[in-house]
1. Could you check the range 105-165 for strands (runs of 3 or more DSSP E) lying wholly inside it with 2 or more residues that are within 13 Å of residue 76 (Cα to Cα)?
2. Among the residues of the range 131-150 satisfying the criterion of being more than 10 Å from the ligand (Cβ to nearest atom) and of a type in the set (Asp, Glu), which is most open to solvent (accessible area, probe 1.4 Å)?
3. Which residue out of 81, 31, 111 is within 22 Å of residue 141 (Cβ to Cβ) and open to solvent by 40 Å² or more (accessible area, probe 1.4 Å)?
4. Go through the range 46-94 and give me each residue that's under 19 Å from residue 150 (Cα atoms) and assigned to a loop (DSSP other than H, G, I, E, B).
5. Residues 176, 180, 153: which one is within 16 Å of the ligand (Cβ to nearest atom) and in contact (Cβ under 8 Å) with a residue 60 or more places away in the chain?
6. Please specify each residue of the range 166-188 satisfying the condition of being within 23 Å of residue 136 (Cβ to Cβ) and either open to solvent by 50 Å² or more (accessible area, probe 1.4 Å) or not in a loop (DSSP other than H, G, I, E, B) (or both).
7. Determine which single condition residue 163 fails, assuming it passes every other condition in (1) surrounded by 12 or more Cβ atoms within 10 Å (Cβ to Cβ); (2) at pLDDT 95 or above; (3) over 26 Å from residue 31 (Cβ atoms).
Amino acid sequence: MLGLMSGASTPAPGRLEAVRRFVNTLDIDAGTDALATPGDLTGWLRSASLLAGDTDAEPGDLANAVAVREALREALAANHGGEPIPSGALAVLNDAAARARLAATLTASDGWRARPAAGGVDGAIGALLALVGDAMADGTWSRLKVCVNDTCRWAFYDESRARTGKWCSMQVCGNRAKQRAWRGRRAESTT
Ligand SMILES: [Zn+2]
């Protein structure tokens, strides 16, 4: 239920939305994973226009993709307060970039950008990582975060002016946190 409701949280601008959707293929609160099988991964990458129709994901691809997804989730958690990407997550993302053979490519109007030289699923995951690089370059990356509620961790785009958004949704996780704080204060005042 929460997953459905938090699914309505603010989308990221442009192609960065594909990264947000990728992270949200795991709905922690609902306990559902849209990337449970290699076939799920194939379908998801095709629906995101990242994978050509003649390629299917293998079990090893699925393991790589899930590792990248969780490394991205850690990176998005670090975006609260502008923390650096944790070293373990950084290693996973760099391994995936190497498999995709991400290479600096001169674009017509956006300068040098990373683009995957590899095809197949490795290239498709590389294209997602290239979107991360593009978003870092245009300043939108730092607003992509995951909900600070540990049982949620849904990716959302923080549109708040002060960039201080903490929850996927104020109505759901924000209110839960406030109610916990309120109960905590009340417990203290009655002892
Ligand atoms: Zn949440």
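1. Of the strands (runs of 3 or more DSSP E) lying wholly inside the range 105-165, those with at least 2 residues that are within 13 Å of residue 76 (Cα to Cα) span 144-146, 155-157.
2. 138
3. Values: 31 fails: within 22 Å of residue 141 (Cβ to Cβ); 111 fails: open to solvent by 40 Å² or more (accessible area, probe 1.4 Å).
After applying the criteria, what remains is 81.
4. Answer for the range 46-94, where residues must be under 19 Å from residue 150 (Cα atoms) and assigned to a loop (DSSP other than H, G, I, E, B): 79, 83, 85, 86.
5. 153
6. Just the residues of the range 166-188 that are within 23 Å of residue 136 (Cβ to Cβ), to begin with: 166, 168.
If the condition is that a residue be within 23 Å of residue 136 (Cβ to Cβ) and either open to solvent by 50 Å² or more (accessible area, probe 1.4 Å) or not in a loop (DSSP other than H, G, I, E, B) (or both), then 166 is the only one that fits.
7. (2)
The values are calculated or read from the model by the stated rules, or taken from the named source; none is laboratory data. Here the structure is a predicted model, which means the values were calculated and not measured. Backbone-built Cβ (ideal geometry, glycine too); neighbour counts: all protein chains shown. Only protein heavy atoms, including side chains, enter the accessible area calculation; ligands, DNA and RNA are left aside. Shrake-Rupley method; radii C 1.70, N 1.55, O 1.52, S 1.80 Å.
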